[in-house]
Amino acid sequence: MTQYSAWDWGVGSKTVADLSACDCDIEWREESLASPDGEQVAAVVKTGDAEFGVCVNGECWEPRYERVWYLKYSPDGRLTALANDQGDWTLCVNGEQWEEGYGFLWNTMFSKDGSVIACCVADSMTYGMVVDGVAWENLYANANNFILSPDGRKSAAVVQTVPLGQAEIFKFKEGVYSVAVDGEAWDVNFVNAWTPIFNTDTSLVAAQIRVNLFDYTIAVNGKPWAEIFNQVWEPRFHPKTNAVVAPVRVSGRWGMARDGKLIWQPTFFQVWQQQFNPSGDQLAAIVCPEYGRWTLAVDGKPWNTTFGDMVMDMTYSPDGRRLAALGKQDGKWTVFADDRPWSGQYDMCYAPVFSPDSAHVAARVEKQGRFTIVVNGKEYGTTFDQCFDPTFSPDSSKVLIRGIAGGKYQRIVEPVTQIIG
Amino acid sequence: MKERVWIQDEGIDRGAEKLTPERIEKTINAVLGNEAGARLKAYVETCAHCGLCAEACHFYMSRDKDPRFSPVGKVKQTIWEMLDKKGKVSVEFMKQAVQVAQTECNLCRRCVQYCPFGIDIAYMMSLVRRIAHKLEITPLYIQDTAHSHSATMNQMWVKDDEWIDALHWQEDEIREELPAARIPLDKEGAEIMYSVIGPEPKFRTQLIYQAAAIMNETGCDWTMPATPGWDNSDMAMYTGDSEMMGRLKRMHFDTAARLRVKKIVMGECGHAFRSVYDTGNRVLGWRMPPVPVIHALEFYWDLLNSGKLKVAKKFEEPVTFHDPCNVVRGRGLHEKAREVVRAFCTNLVEMYPNKEHNYCCAAGGGVINCGPPFKNARVEGNRIKAEQLRATGVKVCIAPCHNCHGGLEDIIHKYKLDIELKFLGEIIYDCMEKPNAV
Ligand code: SF4
Ligand code: SF4
Ligand code: SF4
């Protein structure tokens, strides 16, 4: 696949593939997946008795496996799938498998640009990660909460460093879990650790920890904050200063702490999924300011638009000045941006997408079983049996629409003005 | 009155070694003062000690009406004493209070229906468990389960890969019978996320198989997650660890939200339903589950009434139906369940009392999860259920709840009842039309 800027941004639509056509005999075709540039559509196909392959634009990959699953496009457009080759698991990238086989592989991850691909690995009852086909040197009795740094240089997971027998509750309380970075565990154990995350230059990892059965805090490179809390959620690094923020619960209410000190007073019924904007001068989170009502808060100040069912997928615009998220009320979803909801109500919405100039926000939506995309609250005229997330062109003037209708996969580039009128 | 037996449990006993009177006092007053508040005060002030709730409790009835096993008797042995003494109670007292609250009450909420003031004894027993959690004197086995939840986000220490592997394996198995069947993993945009409890991938894979058969043969658009978040169970709810309960439920709902499903359908489990539909969502700030949750019983009913699920043959042997507290008192599913049972079974023999007045299996509320040390006492504490079952005269009992299965199994064994237990899904799987079967 070519670079994003070099994708075909010429306005128009084309049928890329007829989904019923495949150059090999197939018993069935599983879920379709479109490539980021829209030029490909792929699916796992059953090609024979206990034999599976991957069909891309009507052509099957050469290798066949006993099982193929977890089909994913990396952000750079390479197609990956987990495959079982006579008992050994491998990752297939564009039809080429990793050299090494493993006991089990799952949860494929990509660096932000897609150049690095990683998986979780279990081999001979030990656990860790494989990055671009190379496993960590140290594997552990168990590992979970896996993460690859956005630049792909490092990987980390929560690992079990001490053996634990059946019902050894007292040993458990002494701490048998730690965080391993590239397979090297911190030199300290905790009762629990969750959701490790890297800072921008990957020199630091922060994670939630539990230090006994009821005291929670955040540890950075193994060093816990001095303050403990009744509960914490996922930490996030400031993009520039390396300060760490995390939602914390104090006397039954949630606030936000930075490096252990409260920066948002604990007045909320819930706070989570906080994010800094790209420059780091603003911090937003999903909050529950009043029991049963959900919205976003920016620097601790809640918005006015609230939803009763749920709020998710908070997204910052590239310039960091705008925020959008999904809100659900009475079973119907919508997008809300800049504290205003769209007028459309949907059975499902997918994560909002901003244009590079931050002027537009779009989302894939579903209504009565039909899918389309919506830009700034205006629905695209055509609906699909299935569609994928929209992507704006580098100059923000066009939008790439990928959809399936009548068994055909289409790639469409529309001027934004055409949709928003 | 029979002598009271105080059972040895490593979790309680070793935990208690570390207690000091100061810590006990401080913890009790903190929990009762900061967390319980007005509701507890109202209960304590309104209770007329009338004892009307006593006969509601299977422990009381099964133990020859020993008042120490009556609902209010349990409060007397725990919360009242703590309040009276303003938290100045002994280590020994606390050990006994744990046994009462954690192993002699199923939090089944049968008694609340008989109290003229609607006093919720289960709530007060939960407070005692909360105190025990903070004092680290929770019974060993259920504490271990809570630890598993915290470390793996499931009840049975199932590792991330083992879960996926179990589903792959069941998919291979099911294709022997239904060649085109799938267990779609992590399918974004499916209508249904099917979630189960920890023991299913470990010991009861046939239930996943049967559920998959039902999903496939009724044409459901469904998925199961390939990540933690698949387990809807929650023993942390029953050890008073509400923080961990919140963490588990967040993971469950986040997973459903990530997969963009319209609803969560959960297997035949009672306590998990309570956690997902009632306590867990609320502790996080949601009045109702953010993604609608449908219990298996209701799901079967929906499938049957929409014509997707068709009866191929009837289960001829007479059956009885055990109402799991958490889905009848907690959700009122007893009639829907019976409609499904009647559709598939020729002869349903009711046990009495039933429906929302049904006696608990004595396993629920985390009691069975306290493990072997408490097994005999638990089974003795539910003679009345054995009598109920025996009186039906049938040889098959449908119990659509995992814990109920465990509890009833023990009762059947101890009281020598010749009864086989079944999940409703098992019967449906056996008797439904399977158009794609070979
Ligand atoms: S077991 Fe049920 S009936 Fe008995 S006290 Fe507990 S909640 Fe009430
Ligand atoms: S029935 Fe209600 S008021 Fe009477 S003893 Fe029981 S809890 Fe107290
Ligand atoms: S195990 Fe079943 S009967 Fe027993 S408390 Fe739970 S739901 Fe009720």
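The values are calculated or read from the model by the stated rules, or taken from the named source; none is laboratory data. None of these values were measured; they are calculated from a predicted model. Positions of Cβ are backbone-derived with ideal geometry, glycine not excepted, and every protein chain shown enters the neighbour counts. Calculation scope for accessible area: heavy atoms of the full protein, side chains included, ligands and nucleic acids excluded. Shrake-Rupley method; radii C 1.70, N 1.55, O 1.52, S 1.80 Å.
What to note about this one:
- Going by accessible surface with a 1.4 Å probe and the largest first, A:ASP182, A:ASP339, B:ASP9 read A:ASP182, A:ASP339, B:ASP9.
- FRET E, pair B:ARG342, A:ASP281, Förster distance 56 Å, beta-carbon r, rounded to 0.05: 0.30
- Most mobile listed residue (A:TRP264, A:TRP254, A:TRP294) in chain A, GNM with C-alpha springs under 10 Å: A:TRP264
- Projected onto its three principal axes, the C-alpha set of region A:211-356 covers 47, 34, 22 Å, listed from the longest axis down.
- Label-to-label distance, B:TYR114 versus A:ARG153, with points set 7 angstrom from Cα along the beta-carbon direction: 6.9 nm.
- Buried area at the A:B interface is about 5000 square angstrom, summed over both chains, from accessible surfaces computed with a 1.4 angstrom probe.
- Cβ crowding within 10 Å averaged over residues, with B:247-255, B:137-145 ranked highest first: B:137-145, B:247-255
- Taking the chain by itself as reference, region A:341-367 contains these residues with an accessible-area loss of 10 Å² or more in the full protein complex (1.4 Å probe, heavy atoms): A:ASP347, A:MET348, A:TYR350, A:ARG364, A:GLU366.
- For B:GLU177, the solvent-accessible surface computed with a 1.4 Å probe is close to 40 Å², ligands and nucleic acids excluded.
- For region B:10-138, Kirkwood radius (reciprocal of mean inverse C-alpha pair distance, Å): 14.7 Å
- Here r is the Cβ-Cβ distance between A:GLU51 and A:GLN368 and R0 is 51 Å; the resulting FRET efficiency, rounded to 0.05, is 0.85.
- Solvent-accessible area per residue in chain A equals 39 Å², computed with a 1.4 angstrom probe and all protein chains kept.
- 1.4 Å probe accessible area per residue over region B:152-305, in Å²: 25 Å²
- Region B:152-305: Rg to Rh, with Rh as the Kirkwood radius over Cα pairs: 0.95
- Residues of region A:157-176 that lose at least 10 Å² of accessible area (1.4 Å probe, protein heavy atoms only) when the other protein chains are present, relative to their chain alone, are A:LEU164, A:ALA167, A:ILE169, A:PHE170, A:PHE172, A:LYS173.
- Rounded FRET efficiency, nearest 0.05, which uses the C-beta distance separating B:GLU420 from B:ASN376 and R0 of 30 Å: 0.85
- Heavy-atom SASA rank of A:ASP299, A:ASP85, B:ASP231 (probe 1.4 Å, accessible area, largest first): A:ASP299, A:ASP85, B:ASP231
- Taken as Cα centroids, region B:310-328 and region A:205-279 sit 49 Å apart, rounded to the nearest whole angstrom.
- Sequence of B:LEU178, A:LEU139 when ordered by accessible area, the most exposed leading, probe 1.4 angstrom: A:LEU139, B:LEU178
- In plain terms, the chain from A:GLN265 to A:SER13 could stretch by 85.6 nm, reckoned as 0.36 nm per residue minus the Cα-Cα distance.
- Computed over the Cα atoms of chain A, the ratio of the radius of gyration to the Kirkwood radius (Rg/Rh) comes to 0.99.
- Normalised per residue, the accessible area of region B:79-119 is 40 Å², obtained with a 1.4 Å probe and no contribution from ligands, DNA or RNA.
- Cross-link partners of A:LYS301 among lysines (Cα-Cα below 26 Å; sequence separation of 8 or more within a chain): A:LYS240, A:LYS261, A:LYS328, A:LYS332
- Ranking B:ASN347, B:THR255, B:GLY219 by how far each Cα lies toward the positive end of the dipole of the protein assembly as shown (charges on Cβ) leaves B:ASN347 at the top.
- With every protein chain in place, chain B: carbon and sulfur % of accessible area (1.4 Å): 51 percent
- Subtracting the Cα-Cα distance of B:ARG390 and B:ASP84 from 0.36 nm times their residue separation leaves 105.8 nm of extension gain.
- Label-point separation, B:ASP64 to A:GLU137 (7 Å along Cα→Cβ), nm: 7.0 nm
- For the residues of A:324-333, the average number of beta carbons from a partner chain within 10 Å of their own beta carbon is 1.
- Extension gain, A:LYS223-A:SER124: 0.36 nm per intervening residue step, less the Cα-Cα distance, totals 32.5 nm.
- Counting heavy atoms of the protein chains alone, A:ASP389 has an accessible area of about 50 Å² for a 1.4 Å probe.
- Taken along the Cα-to-beta-carbon direction at a fixed 7 Å, the label points for A:GLN86 and A:ARG340 span 6.4 nm.
- For chain A, the fraction of 1.4 Å probe accessible surface lying on carbon and sulfur atoms is 47 percent.
- Averaged over the residues of A:265-271, the number of partner chain Cβ atoms lying within 10 Å of the residue Cβ comes to 2.
- Residues losing 30 Å² or more accessible surface upon assembly, region B:275-319, compared with the chain by itself, 1.4 Å: B:LEU284, B:GLY285, B:TRP286, B:ARG287, B:PRO290
- Computed over region B:231-277, Kirkwood Rh from alpha-carbon pairs, angstrom: 11.0 Å
- A 1.4 Å probe, protein heavy atoms only, puts the accessible area of B:GLU316 near 130 Å².
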